[in-house]
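Everything below concerns the one structure shown next.
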Amino acid sequence: MTPARLARSLAAPGPGWTTHADAVVVGSGIAGLTAALELRTRVRRVLLVTKAELRSGSTVWAQGGIAAVLDPEDTPAAHLHDTLVAGVGLSDPVAVEVLVTEGPERVHELVARGATFDRAADGGIALTREGGHRADRIAHAGGDATGAEISRALVAQIEAVQDDPGIEVVENALVLDVLTGAPDAAGERPVAGVTLHVRGEGSRDGVGAVLAPVVVLATGGVGQVFRSSTNPPGATADGIAAALRAGAVVGDLEFVQFHPTVLWLGAGARGQLPLISEAVRGEGALLLDVEGHRFMPGVHELAELAPRDVVAHAIVRQMDATAADHVLLDARGLGRDFLARRFPGITARLAQAGIDWSEEPVPVAPAQHYHSGGVVTDLRGRTSVPGLYAVGEVACTGVHGANRLASNSLLEGLVFAHRAAHDVAARFDAGDLAAAPAPVERPGGSALVAAAARSRVQRITSDGAGPIRSADSLAAADARLAQVTTTAHEAAGVVAAPQTAEWETTNVHQVARALVRAASVRTESRGGHFRTDFPASDPAWERRVTLRLDDDGTLVTA
């Protein structure tokens, strides 16, 4: 492959207004809200930025639950073991140990903040099991509305303190770029704040700049990089793209988790698709092919409860074997009353699609669901760029490795957001952080991809770097992505201008290019990365593929 070059900034108007903060938190899911709440009483001024309304973070869509050792019969060691198995040799044991040992306390703090989990007959938090877990350790709320309940509780906490001068919430705002200062002695450009575009009225509209020595990215995943996804429309890989442009190291981008059981709505379905929670299989639902054969017992000892990558790949192979575009999820044995009580949201969504799952199997197929990679961080959320932190799905902490264990994502956001916020506060207390440096323009040029190109980019990425890949598919995707016009604001005849849809599409395109490159480098199959030309795992690849941009924008292995 020829060298890939990405711009170091988005094409955008200069800031029309400027404000200051000690820390900017970008995102309003579990990680962003937790970070903002923890920082509010520990630094003088926090600015919380969210792309839409405060309640619209991706956490709202989490159905299954949050994994934590809350049963006296369970142990952190067992949770660690299951996580490492799912990560297929690439999870960082130290990061996982942090997750499983600190997780229970963080969940209890979440309850103290008002989150209401479903309760068992003895009054304790009801626990269930999902794929890859060998113990009941999944706490859920409202049956299948765990994320919505957690989001509700955390948003209520933010709303209760919005009059506090130490915190400001800016809604309907897209962060464009992470501002950086002049290179330090090590050659790294420290964080100087962010530029953002606010849709609204008054002084906080248009493009502005927030100057701050700390930026915490909590922007979620890469869903809209693919043609079909369970992610909301706002998941356009903004955080990873902005971090790349700022010079941060990213890692494990090739490990994309395709949820095995997403409602199949026909070959023409696009955008966010409803998922059928893994918890349904945890309760006993079975996978059948279109001829009615159950196929998972012959694939893995845990059958339908095997790790997600195993199930997703098995479904794709079974679809190929039966010349079908879906398989079937059979939950009829659970009964109408149980399904309605345990999974009210899924029951309602299926009814909207004309499906009564107590009477008929549900057509399902894999779709992009979660991204195990992201901006590489240490155990405190620090990235390779001084002052830049990443938490939640945008981060690569080392917890997930090649494949996320079910329901570890909410816990990871909770645990590492708490850690990052406390690290920022400690650095302020120690005098390690002061005023933001003056922003300095980075070399490498600017980019803008027309919004009209987004479906093309999604199709290329899905065809080349979907659940099953090869050298040929990845090379073709790389070549086709390289042909996309990235100077739409300057190209003759291209109808595009610096605005939200174009900025998001540029982020999608840049991350697609990096993801395809990472998948090309890893010549093996492991976890969420499966290559037909290298179908086996190779011990030599028990290491992370990392990428970053050079000063001229060349994408290189870090």
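The values are calculated or read from the model by the stated rules, or taken from the named source; none is laboratory data. A quick note: this is a predicted structure, and the numbers were derived from the prediction, not measured. Positions of Cβ are backbone-derived with ideal geometry, glycine not excepted, and every protein chain shown enters the neighbour counts.
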Open item on the list: I want to confirm something. Restricting to segment 309-346 and keeping residues that are modelled with pLDDT under 95, of a type outside the set (A, V, I, L, M) and under 13 Å from Ile276 (Cα atoms), which single residue is nearest to the chain's Cα centre (by Cα)?
Closed with: Gly345
Open item on the list: Can you find a residue that is assigned to a helix (DSSP H, G or I), farther than 28 Å from Ala135 by Cα and in contact with an Asp or Glu (Cβ under 7 Å, 6 or more places away or on another chain) anywhere in segment 262-285?
Closed with: no
Task: Close pairs (8 angstrom Cβ cut-off, 6 or more residues apart or separate chains): under 14 Å from Arg427 (Cα atoms) in segment 28-44, part of a loop (DSSP other than H, G, I, E, B) and modelled with pLDDT under 95 anywhere - done: Val43/Gly166; Arg44/Gly166
Task: Test set (1) in contact (Cβ under 8 Å) with a residue 60 or more places away in the chain; (2) part of a helix (DSSP H, G or I) - Arg456 fails condition number - done: (1)
Task: Candidate set: segment 273-284, residues that are surrounded by fewer than 24 Cβ atoms within 10 Å (Cβ to Cβ) and out of contact with any Ser or Thr (no Cβ under 6 Å at 6 or more places or on another chain); chosen: the one nearest to Asn231 (Cα to Cα) - done: Pro274
- [ ] Find all pairs meeting these conditions: Cβ atoms under 7 angstrom apart; at least six residues apart or on different chains; first residue within segment 350-371 and free of Cβ contacts under 8 Å to residues at least 60 places away in the same chain; second residue crowded, with 17+ Cβ neighbours inside 10 Å and assigned to a loop (DSSP other than H, G, I, E, B).
- [x] Trp357/Ala331
Task: Residue match in segment 531-542 (condition: touching a Ser or Thr at 6+ places or on another chain (Cβ under 7 Å), in contact (Cβ under 8 Å) with a residue 40 or more places away in the chain and either closer than 24 Å to Val250 by Cα or of a type in the set (Gly, Ala, Ser) (or both)) - done: yes
